[in-house]
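Notes follow once the structure below has been shown.
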Amino acid sequence: MSQGKKDNLEGQTFGKYKIIGDTPNRSNRGDRKVLARHENGELSELNVHELLNGKTTGYRKNKEKGKKLGEINKKKYVNADGIHLPSINAKKRSDNKSGVRGVFYDKRRKKYRATLKVNKVLVLNEGFEELNDAILARKNAENKYLTKARKEYKKMKGESK
């Protein structure tokens, strides 16, 4: 089903929501909105795109039910500091020109930029004239923030084999 077309979703059920009908409103992205009734009788205006993609299901009490399988599996690989363990050992992207994850050339500022996010917080975001300085800063930040997480991940992988 394509959400761009005027698909008639009336009467269809998505998770715990049953669609009552269309509304004239649109989301900020321009997606169609529909009026739906939750099992508990509550009326809600929902984004069609999110309903069709399974992002909105109506499961509230047990949050695991409404999530996609990938999201549930990610949770068990996040340590106490909020670091997604497999991502710290991820390979660099094929279009990476600096050779190091988190280091890139900022054309606007005409500097190499070193970045590192930990638990969705940017803990390193500095500009450098030289590529080697940016790489060194990234490696130092990784050692400071990710050493404990790397050990945890190696231990976890060792137990699963």
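Considering only residues in segment 36-59 that are of a type in the set (Ser, Thr, Tyr) and assigned to a loop (DSSP other than H, G, I, E, B), the one that is farthest from the chain's Cα centre (by Cα) turns out to be Tyr59. Restricting Lys161, Lys155, Lys107, Lys117 to those that are over 24 Å from the mean Cα position of the chain (by Cα), open to solvent by 70 Å² or more (accessible area, probe 1.4 Å) and at pLDDT 85 or above reduces the list to Lys107. May I ask you to list the residues in segment 120-146 that are open to solvent by less than 70 Å² (accessible area, probe 1.4 Å) and either within 20 Å of Ala90 (Cα to Cα) or touching a helix residue (DSSP H, G or I) at 6+ places or on another chain (Cβ under 9 Å) (or both)? Once the filter is applied, which keeps residues that are open to solvent by less than 70 Å² (accessible area, probe 1.4 Å) and either within 20 Å of Ala90 (Cα to Cα) or touching a helix residue (DSSP H, G or I) at 6+ places or on another chain (Cβ under 9 Å) (or both), segment 120-146 yields Val123, Leu124, Gly127, Phe128, Ala134, Ile135, Ala137, Arg138, Ala141, Glu142, Leu146. Figure legend. Inter-residue proximity from segment 142-154: first residues of a type outside the set (Ser, Thr, Tyr), second residues open to solvent by 60 Å² or more (accessible area, probe 1.4 Å), beta-carbon distance below 8 Å, spacing 6+ or different chains. Indicated pairs: Lys148/Asp81; Ala149/Asp81; Arg150/Asn89. Here Lys33 fulfils each of the conditions (1) part of a helix (DSSP H, G or I); (2) modelled with pLDDT of 80 or more apart from (1). Apart from one condition, Asn73 fits all of (1) more than 30 Å from Lys55 (Cα to Cα); (2) modelled with pLDDT under 85; the exception is (1).
The values are calculated or read from the model by the stated rules, or taken from the named source; none is laboratory data. Since the model is a prediction, treat every value here as computed from it, not as a measurement. We place every Cβ from the backbone using ideal geometry, glycine too, and count neighbours over all the protein chains shown. What goes into the accessible areas is simple: the full protein's heavy atoms, side chains included, and nothing from ligands, DNA or RNA. Shrake-Rupley method; radii C 1.70, N 1.55, O 1.52, S 1.80 Å.
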